[in-house]
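The values are calculated or read from the model by the stated rules, or taken from the named source; none is laboratory data. Owing to the predicted nature of the structure, the values given are computational and were not obtained by experimental measurement. Counting neighbours? That spans all protein chains shown, and the Cβs are built from the backbone with ideal geometry, glycine included. Ligands, DNA and RNA are stripped out before the accessible areas are found, and what is left, the full protein with its side chains, is counted by its heavy atoms. Shrake-Rupley method; radii C 1.70, N 1.55, O 1.52, S 1.80 Å.
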Amino acid sequence: MTMKTKSLVARLNRFCFTTPKGQILFGLCLCLGTLALLGSVTRSHQKGFVAHEWGTFTSVQGSDGVLLNWRPLESSRLPQFVYNWQNAGLNRRAYSAPTFTKSSMITLQRMETPVIYFYADEKQTVDVSVSFPKGLITEWYPQASQIGPSTIPASALVTKADALAHKVGAKPEFTFSSFSKNHAARESRARWANVEILPTKDSAEAARSLRQDRSGSHYFAARDTDSSLIRVDSLNPTNPEPESEKFIFYRGAGNFTTPLLVTMQADGIAISNTGPDALEHLFVLGLENGTGKFIPVQRLAPGEKQIIHIDLSDGVLPTKALSEQIGQSIATALVSQGLYEREAQAMVNTWRDSWFEEDGLRVLYVLPRQWTDQTLPLNFTPKPRELVRVMVGRAEVITPKVQLQLSIMLTRAQQGDTEARQQALAEFKTLGRFAEPALWLATKNSPSQVSQAAWNLYQSAAQSAANKSL
């Protein structure tokens, strides 16, 4: 400190502590400083909670943009502790059980891994419910107090009581079992009652006790965030321990369209916005034989159409480099939509292998919030002070090239070509869960004997893969 500065400080001290005006000024400064400090503390310790959600909607189509039916649950990789309609718990059954099995469920859309994160500075309890009017929720964790559409067989005592009530004039839809806190739900919905949110500062230690499993790579990556731990009553009288997790997880499938139309034309790939809201952060991505490239499109206005040229013979990157580059671009886009950085990165890491490493042509894009709210209504009691919902659409395109190559392989295989048979089996493996719709496209104009032989070959390959996964 210089002599001049010391002199100035000394004069200021004498003014503040020895003169009436100085004392008033000092007191005013002290009050303002205290208020500013209190304001800072208030902002850093806010009441209520924050809820952030992300998820994806995946469809598969031909080059004409028409969505194809596929089996969205065939390749599910989830931990064994996740609930589904073969393991719903609490004596619950799907209202129409056959439609909920992995092998029989055929739909246009797969709602993949929505997760809801919570953040709170103090312990609190919240009820959460999500409806899926155009689809079915097929998996969930922690245990839901209600999941539907479902049935719960009533006990003999309740059945007798219902019969008596109906006899004396009760409405047919009335049942005494509806008074149970985990009664059956007729609608396609899930409800988690009394979700306990732990303060974020108390969650780190408790998170070490979260359940683990050797399967489910598309589940555990979602835990890598700063979110609060939640606890939910298992509702199981024989195992009353609460279930803990870093998020609420659910997944489903349904028959509906998304607002992006993708078609292949002679001059490139046409992407069209068929919805009433703008589409943002679109990525056209092509991968082939371990290399690929992507082309970003910042915005697509309602009714707008753009032609994208993506040439995989020039300027491609190895898969690993491509994955890092597009992964960072998509994470940045997700943050711009309101997700925290670690949430965005967790989403990218969850789907990195499926989005950026599988051969094929696909378009990834952020779905409008209004579309999400209409497709998947979400409610909280009490309401969060902040709610962010970011859903990514994925349009997987079976290109004419893939369709033609597979058709040639299958025709030659039916004629006894052993090499072509092995090539077809390898292509089924590469296509993975999209192999069945690709097979349908490849054989729709084939002679019946070729088509039958092709489907027999596919079923044999699918059964072999299922046996290896057991």
Set Lys123/Lys383; Lys246/Lys320; Lys401/Lys444 screened for pairs whose C-alpha atoms are more than 20 Å apart: Lys246/Lys320
With all protein chains present, calculate the accessible area of Ile408 using a 1.4 Å probe and round the result to the nearest 10 Å². 70
Taking only the alpha-carbon positions of the range 405-470 and ignoring solvent, what does the Debye formula give for the base-10 log of I(q)/I(0) at q = 0.19, 0.20 Å⁻¹? -0.64, -0.71
Where in the range 384-415 does the amide nitrogen come within less than 15 Å of the point 7 Å from the Cα of Gln449, taken along Cα to Cβ? 411-415
Under a 5 Å amide H to amide H cut-off, with H placed in plane at 1.01 Å, what residues pair with Glu304 once short-range neighbours are removed? Asn273
Centroid-to-centroid separation of the range 264-285 and the range 358-386 [C-alpha atoms, Å]: 18
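Determine how many Å³ per residue the convex hull of the Cα atoms of the range 354-470 encloses.
Numbers: hull volume 19.5 nm³, N = 117.
Hull volume normalised by residue count: 167 Å³.
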Relative contact order (%) - the range 304-455, alpha-carbon pairs under 8 angstrom, separation at least six: 18
FRET E, pair Gln374, Ile295, Förster distance 30 Å, beta-carbon r, rounded to 0.05: 0.55
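Once the convex hull of the C-alpha atoms of the range 242-387 is built, how many Å³ does it hold per residue, rounded to a whole number? Walk me through the numbers before you get to the answer.
Details: hull volume 22.1 nm³, N = 146.
Given the Cα convex hull of the range 242-387, per-residue volume reads 152 Å³.
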Over the range 184-262, what percent of the accessible surface lies on carbon and sulfur atoms, probe 1.4 Å? 46
